[in-house]
Amino acid sequence: MIDDVKKELEKDLKEVKDLKELNDLKIKYLSKNGLITKLNSSIKDVDPSERAEFGKKVNEVKVLFNDFYEKTKDNLEKEELNKKLIQDSVDVTLPATKVRQGSPNIVEKLIEEVEEVFLNMGYDVVDGPEVELDKYNFEMLNIPKGHPARDAQDTFYIDGDEILLRSQTSPVQVRTMLEGKGVEPIRMICPGKTYRRDDDDASHSHQFMQIEGLIVDKNISLSDLKGTMDVIFKRLLGEKTETRFHPSYYPFTEPSVEVDVTCSNCKGKGCGVCKHSGWVTVVGAGVVHPDVLRMSGYDPSIWSGFAFGFGAERLAMMKYDINDIRVFYNTDLREVKTFDREDEE
Ligand code: DAH
């Protein structure tokens with residue numbers, strides 16, 4: 001019987017071709033019911049006079065299997081690894097997949113251009129908090145509680161009626177004056193996010209970007225504002241761009257104006273963007289109200305200034321002929337790529 005097992009084993013060993021077959025053999029011979037295991041457990045039943053001889057033979061078969069197993073396993077493993085390496089090898093001559101480069105949001109790009117223009121004119125770019133005090137967002141800008149101007153800026157209040165999400169970047173004017181005393185002239189712009197409780201539609205967004213500007217110096221007048229607006233919009237929208245003022249009202253400026261610029265889409269000829277007038281209103285501005293100067297510690301008999309504020313998206317919408325503000329805030333890459341191409345041309 002033991003000779004039969006040995007013969008079978010020798011035949012099996014010759015036929016092993018891969019790791020799976022080798023493991024199947026291990027099960028066949030050495031598992032709980034394996035042929036060698038069975039021989040092993042039958043040693044005790046053999047007649048004592050033959051037991052030693054039988055045991056020796058069983059052991060020889062076991063050694064035969066184990067030696068073969070160890071050696072063959074190593075070889076087969078190496079063989080399989082080589083096969084895999086050949087299969088998985090990389091063809092370095094194949095063209096690589098193109099990685100598309102990202103690009104900044106178009107509003108971000110516009111803000112960078114605006115910053116560049118103002119930095120070249122000696123302005124600082126400053127920052128202010130988006131969570132703001134009612135005191136800075138309204139009171140110190142001459143908009144006390146109950147003032148009708150508050151209605152136009154339906155505000156997100158946080159925790160009572162003193163803390164809010166700023167509804168305009170104008171509170172940064174107050175902060176800059178409070179911090180800036182002694183380092184006049186003040187010349188700053190502040191681009192930043194603002195928030196209003198508007199329902200989002202083609203022309204409204206509950207969050208949008210404003211760019212605020214403030215100058216405080218001696219002998220500043222409305223004509224300085226006009227000169228500044230002329231220069232910056234020529235630089236931003238092209239040398240042929242003109243600006244004009246029309247009267248307006250803001251509680252923190254006196255006089256207050258709105259600034260129109262030549263429609264950059266039709267160059268003033270009239271189109272859908274400018275409602276066929278050739279002009280688009282893009283900025284609110286004016287001479288800083290004496291009370292606003294006073295509240296921030298500047299004596300209006302010595303100091304004067306001008307301020308302005310505009311919506312970055314509105315300017316971008318005109319510059320790029322976009323008729324829906326939501327384009328800037330959705331994540332449709334096709335839109336972004338369109339801007340990329342326009343800029344490359
Ligand atoms: N803060 C105003 C708004 O959100 C815009 C504005 C108008 C800012 C006139 C100014 C200014 O600094 O002088 O509607």
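Numbers for the structure displayed
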{"item": "Enumeration of residues in the stretch 94-142 that are among the hydrophobic types (A, V, I, L, M, F, W, C), open to solvent by 40 Å² or more (accessible area, probe 1.4 Å) and over 30 Å from Pro290 (Cβ atoms)", "result": "Leu94, Ala96, Val99"}
{"item": "Unmet criterion (only one of (1) in a strand (DSSP E or B); (2) over 21 Å from Val292 (Cα atoms); (3) more than 13 Å from the ligand (Cβ to nearest atom)) for Val231", "result": "(1)"}
{"item": "Failed criterion for Leu39 (all others in (1) modelled with pLDDT under 90; (2) open to solvent by less than 100 Å² (accessible area, probe 1.4 Å); (3) not charged (D, E, K, R) hold)", "result": "(1)"}
{"item": "Output for the stretch 208-227, where each listed residue is at negative phi, surrounded by fewer than 20 Cβ atoms within 10 Å (Cβ to Cβ) and in contact (Cβ under 8 Å) with a residue 60 or more places away in the chain", "result": "Phe208, Asp217, Lys218, Ile220, Ser221, Leu222, Asp224"}
{"item": "Single match in Val292, Val282, Val287 (criterion: in contact with an Asp or Glu (Cβ under 7 Å, 6 or more places away or on another chain) and within 25 Å of Ser223 (Cβ to Cβ))", "result": "Val287"}
{"item": "Lone qualifier among Val172, Val107 - being touching a helix residue (DSSP H, G or I) at 6+ places or on another chain (Cβ under 6 Å) and in a helix (DSSP H, G or I)", "result": "Val107"}
{"item": "In the stretch 322-345, the residues that are of a type in the set (Asp, Glu), under 22 Å from His204 (Cβ atoms) and modelled with pLDDT under 85", "result": "Asp332, Glu335"}
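The values are calculated or read from the model by the stated rules, or taken from the named source; none is laboratory data. All values reported here derive from a predicted model rather than from experimental measurement. With ideal geometry, Cβ positions are generated from the backbone for all residues, glycine too; neighbour counts draw on all protein chains shown. These area figures cover heavy atoms from the full protein model, side chains too; ligands, DNA and RNA do not enter into them. Shrake-Rupley method; radii C 1.70, N 1.55, O 1.52, S 1.80 Å.
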